[in-house]
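S.K.: One structure, pasted below without further comment.
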Amino acid sequence: MDAQDRLPMGEVARRSGFAASALRYYESQGLIAATRSSGGQRTFERSVLRRLAFIRAASNVGLSLEEIRDELAALPAERTPTKSDWHRISKHWRVRLDEQIAALERLRDGLDSCIGCGCLSLKQCGISNPGDVAAVGGGAGAAYLPRLLRRDPPRRDAARGSSPR
Ligand code: FES
């Protein structure tokens, strides 16, 4: 590939809407690939823009970084998602969104019994401990959210950028 076909970091950041720090993070996580110019600057193939659009869409649906990596890894080597890939993947994501909506509705309905209560008890509060996760040793913090509503915590430096999650 001609070096002129490659995009410098600033151009990718401007056109994708991701901060340079987010691009470096995604590169370190293996989601996108860069090469170094003779001057040591990162450059990217133009196809990285489509790959970043895919990452943003997947993130908006609620996929964790690991899940996004798995989705991208399922494509033939370094290829960006084609229209038919997108059709197959987005059908799967619709099911996932439906499940997330159902989980949120269950959480909202559990809130009804909390109004005026305030106990936040792990034994009886459906919001503090939905599905009695505590009883099966689900761990702390976000483990108490329904599985579908848990997310990776954002990296501090990446979160300062435009929108990596
Ligand atoms: S706060 Fe008491 S049941 Fe939720």
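S.K.: Which peptide among 36-45, 63-72 comes first, and what is the full order, when sorted by highest mean count of other Cβ atoms within 10 Å? The partial results should precede the final answer.
M.R.: Working: 36-45: 13.2, 63-72: 16.8.
Highest mean packing first, the order is 63-72, 36-45.
S.K.: Whose amide H sits under 5 Å from the amide H of residue 7, counting only residues 5 or more places off or on another chain, with H placed in the peptide plane?
M.R.: Here 44, 45, 46 satisfy the definition.
S.K.: Further, regarding this structure: How large, in percent, is the carbon and sulfur part of the accessible surface of segment 3-115 at a probe radius of 1.4 Å?
M.R.: With neighbouring chains kept in place, the figure for segment 3-115 is 52 percent.
S.K.: Now for a different question. Taking 0.36 nm per intervening residue step and subtracting the Cα-Cα distance, what contour gain separates residue 124 from residue 37 on full extension?
M.R.: Full-extension gain reported as 25.4 nm.
S.K.: So with the 1.4 Å probe, I'd like the accessible area per residue for segment 3-115, rounded to whole Å². List each step's numbers first, then the result.
M.R.: Values: 6570 Å² over 113 residues.
Per residue, segment 3-115 has an accessible area of 58 Å².
S.K.: Lys and Arg at +1, Asp and Glu at -1: add these up for the other residues within a Cβ distance under 13 Å of residue 36 and post the number.
M.R.: Computed value for this residue: +2.
The values are calculated or read from the model by the stated rules, or taken from the named source; none is laboratory data. The shown structure was predicted, so the numbers you read here are calculated from the model rather than taken from an experiment. Please note: Cβ atoms are built from the backbone with ideal geometry, for glycine as well, and neighbour counts cover all protein chains shown. Calculation scope for accessible area: heavy atoms of the full protein, side chains included, ligands and nucleic acids excluded. Shrake-Rupley method; radii C 1.70, N 1.55, O 1.52, S 1.80 Å.
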